Amino acid sequence: MNGDINIEDIRFFPIRNFQYEEFFRDVQYTGETLNVAERSEYVKMTDETIAHNLKGLTMISEELERIKDLHDNYHNVQRVVISTMLFTLMTMTDGMVASKYFILADKDIDRGFMRGKLWVIMNEGFKKLYGFEDKTKKNSEWYKLLSVLDYFPDEVKSQYDHLTSLLEKHSRTSSWWRDERNIETHMDVEKMYASRCEIIIEGNVLTDFLKLIDTLMGVNMFLSNMHNCLNNFLTYKYLRGELREE
């Protein structure tokens, strides 16, 4: 450890009680259309978010590489938590990229194509995050967190249970574009062509996309609490002298 560290400056990270319900609201399209300035602002915002996410993705990827051969309890738990963070950030980033090019598309065929890609991300993203039936739920990132939950305080366990109820309810609110995803991924060309010829309501597509983004952001807030717990554990060990260099 750095010998210049002042122990009095060391602080524990708080475990925050986020209002998770805010990330699971049923948002309906209001009929508004983005004007030129709003469209430009959306593209600017997505570019900034993508750039920010890429920094996080790089850090997580490098940390996963660093600990790949470390298999004590701490690093096994850390690996689960940050790999789930990698998933949420990557899925959000892919969605933001697709939504940006959907907004920028100026031809019907281009917009239809990008809407199809968004449908795939929305369905596969939620399926991998939480799932829809027992099989997909047990293979989900959320279920994976359950395997390490006993290492965390009751406050975090309670938040996990609360979020599970919200995710479960969310999984039943719609088909999560399952049929549209099947058409796109299985290349059902007759249905794909019919889909491309539909009149596309831009705001409706973005509202649908917001449902996934908000869900991922809510889960990411929870993951930040789990990560804070891991950092606090290391801080505690440092203060006890277990991590200091001789």
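Every read-out reported here was derived from the displayed coordinates using simple, explicitly stated rules and does not represent laboratory data. Predicted model only: the values in this text are computed from it and were never measured. Quick reminder, even Gly has a Cβ in these numbers, built from the backbone with ideal geometry, and neighbours come from all protein chains shown.
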- Rounded to 10°, Cα long-axis angle of helix 202-239 versus longest principal axis of the chain: 10
- Where does helix 73-104 land angle-wise versus the long Cα axis of the chain, in degrees 0 to 90, nearest 10? 30
- Given the candidates THR136, HIS75, ALA51, the one whose Cα lies deepest towards the positive end of the charge dipole of the chain, counting +1 at each Lys or Arg C-beta and -1 at each Asp or Glu C-beta, is THR136
- Cα axis of helix 154-171 to longest principal axis of the chain: angle in degrees, 0 to 90, nearest 10? 10
- Message: Sort 14-23, 220-229 by packing, meaning the average of other beta carbons within 10 Å per residue, with the highest value first.
- Response: 220-229, 14-23
- Size of charge dipole - region 130-246 - debye, nearest 20, with Cβ of Lys, Arg +1 and Asp, Glu -1, no other charges: 200
- Note on the structure: Taking the dipole of the chain about the Cα centre (Lys, Arg +1; Asp, Glu -1; charges at Cβ), the one of PHE13, GLY203, MET122 that reaches farthest to the positive side is MET122
- Helical contribution to [θ] at 222 nm, DSSP H n ≥ 4, -39,500 (n - 2.57), averaged over the chain, rounded to 500: -23500 deg cm²/dmol
- Rounded to the nearest 20 debye, dipole of the chain from Cβ charges on Lys, Arg, Asp, Glu: 440
- Task: For the pairs LYS68/LYS128; LYS128/LYS169; LYS117/LYS157; LYS68/LYS127; LYS107/LYS127, note any where the Cα-Cα span goes beyond 24 Å.
- Result: LYS117/LYS157; LYS68/LYS127; LYS107/LYS127
- Query: Within region 160-215, which trypsin sites (Lys or Arg not before Pro) sit in a loop by DSSP and count at most 11 neighbouring Cβ atoms inside 10 Å?
  - Reply: ARG172
- Report the FRET efficiency, 1/(1 + (r/R0)^6), for SER224 and PHE132, where r is their Cβ-Cβ distance and R0 is 30 Å, rounded to 0.05. 0.70
